[in-house]
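Report on the following structure.
The values are calculated or read from the model by the stated rules, or taken from the named source; none is laboratory data. Keep in mind it's a predicted model, so treat the numbers as computed, not measured. Positions of Cβ are backbone-derived with ideal geometry, glycine not excepted, and every protein chain shown enters the neighbour counts. Just the protein is used for accessible areas: all its heavy atoms, side chains included, with ligands, DNA and RNA removed. Shrake-Rupley method; radii C 1.70, N 1.55, O 1.52, S 1.80 Å.
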Amino acid sequence: MKKIVLLCASGMSTGMLVKRMQDAANAEGLECKIEAYPQVEAKEKAADADAILLGPQIRFSKDKVEKDCPGVPIEAIDMKIYSRMDAKGALAVAKNLMGM
């Protein structure tokens with residue numbers, strides 16, 4: 001079971017995307033748990049993740065998240081993917097980070 005964590009400013013704006021991503025993963029048969037948290041909780045909630053996606057509004061915090069979650073691959077979600085709530089596109093980014 002893979003763990004994918006989305007981080008954003010407050011943890012709420014990614015909630016809809018998480019639900020859509022989980023549905024897309026289920027449709028693909030990908031066993032994973034996808035969750036969203038505020039960036040300030042990265043160390044506690046995402047250090048054991050298989051992939052971390054940052055909301056575009058916090059892409060500037062990638063260095064801090066890398067320090068808080070060493071060894072976890074991290075990428076900011078492209079603004080186009082995020083604004084369209086493109087679950088398949090965001091899931092593809094996560095899968096690429098995990099080498100899938």
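Listing for the model above:
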item	result
Residue check, L53 in contact with a Ser or Thr (Cβ under 9 Å, 6 or more places away or on another chain), closer than 21 Å to M1 by Cβ and modelled with pLDDT of 95 or more	yes
Positions within the stretch 71-81 being open to solvent by 80 Å² or more (accessible area, probe 1.4 Å) and either free of Cβ contacts under 8 Å to residues at least 12 places away in the same chain or small (G, A, S) (or both), in sequence order	G71, K80
Unique match (being of a type in the set (G, A, S), open to solvent by less than 20 Å² (accessible area, probe 1.4 Å) and out of contact with any strand residue (DSSP E or B) (no Cβ under 7 Å at 6 or more places or on another chain)) among A24, A51	A24
Single condition M100 does not satisfy, out of (1) farther than 19 Å from Q39 by Cα; (2) open to solvent by 80 Å² or more (accessible area, probe 1.4 Å); (3) part of a helix (DSSP H, G or I)	(3)
Cβ pairs under 9 Å, 6+ apart, first in the stretch 82-94 and at positive phi and touching a residue at least 24 places away in the same chain (Cβ under 8 Å), second surrounded by 16 or more Cβ atoms within 10 Å (Cβ to Cβ) and in a helix (DSSP H, G or I)	M85/L17; M85/R20
Candidate set from the stretch 1-21 (those that are open to solvent by less than 40 Å² (accessible area, probe 1.4 Å) and in a helix (DSSP H, G or I)); member that is nearest to M79 (Cα to Cα)	L17
Among (1) basic (K, R); (2) within 12 Å of the chain's Cα centre (by Cα); (3) open to solvent by 80 Å² or more (accessible area, probe 1.4 Å), the one test that K88 misses	(2)
Residue within the stretch 32-45 that is in a loop (DSSP other than H, G, I, E, B), open to solvent by less than 80 Å² (accessible area, probe 1.4 Å) and not acidic (D, E) present	no
